[in-house]
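These notes are about the structure you will find just below.
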Amino acid sequence: MPPSHIVADGHAPAAGRLALTTLAAGIAATIVWELFARLVAPLWIGGPLEPAGLVQAAFGIESRLLAEFLHLATGVVAYPLGFLVVARPVARAVTPFLPWWIVGIGFGAVLWAFGLYVMAHLVAGFPAFLGFAPIAWASLVGHVLYGTAVAAVFRLREVAA
């Protein structure tokens, strides 16, 4: 007899599976972001993308460790939840004809706009979109990769269900 949390077909209940998918999407996408930000972006812009610095500036946090933790928690938990409860339902209702990867690209672009306009400009006081300097474009690529990775994990887990 299977454990009580496993249903007859061998899968966890829908809520548990959805939570696992959301967490897996956040972990996978954050790994993609970090690899791009720390390995690829430096080749392009001369240094890594440093979102913890933006977190420190936006919230007046002195601790680099706390800022890194907040950025990672946002990437692993908050943004994938945003995809689950906002981006995916809106895309399904408004543009159901779009493939999952376009939705992921759009989600990443929205995250970029939020980060570089709302957080960097409105909250931290930097120029809007960091003046569209090369770092802004590298950040766009990183966020699009992140959004696409989130969407890919949700898509793969749906297909596997």
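No value in this document is a laboratory result; all are computed from the given coordinates. Please read all numbers here as calculations on a predicted model, not as lab measurements. Positions of Cβ are generated from backbone atoms using ideal geometry, with glycine treated the same way; all protein chains shown enter the neighbour counts.
Before moving on, here are some points about what is shown:
- Projecting the Cα atoms of Gly147, Ala67, Val86 onto the charge dipole of the stretch 16-160 (Cβ charges, centred on the Cα centre) puts Val86 farthest toward the positive pole.
- Qualifying chymotrypsin sites (Phe, Trp or Tyr not before Pro) in the stretch 80-142, where qualification requires a DSSP coil assignment and no more than 14 other C-beta atoms within 10 Å, comprise Phe97.
- For the chain, hydrophobic long helices are taken as DSSP H runs at least 27 Å long by C-alpha position along their axis with mean Kyte-Doolittle hydropathy of 0.0 or more; these are 14-35, 134-160.
- Counted by neighbouring Cβ atoms within 10 Å, the residues Glu62, Glu68 run from fewest to most as Glu62, Glu68.
- Compactness of the chain is given as radius of gyration and Dmax, 17.3, 61 Å, from Cα positions.
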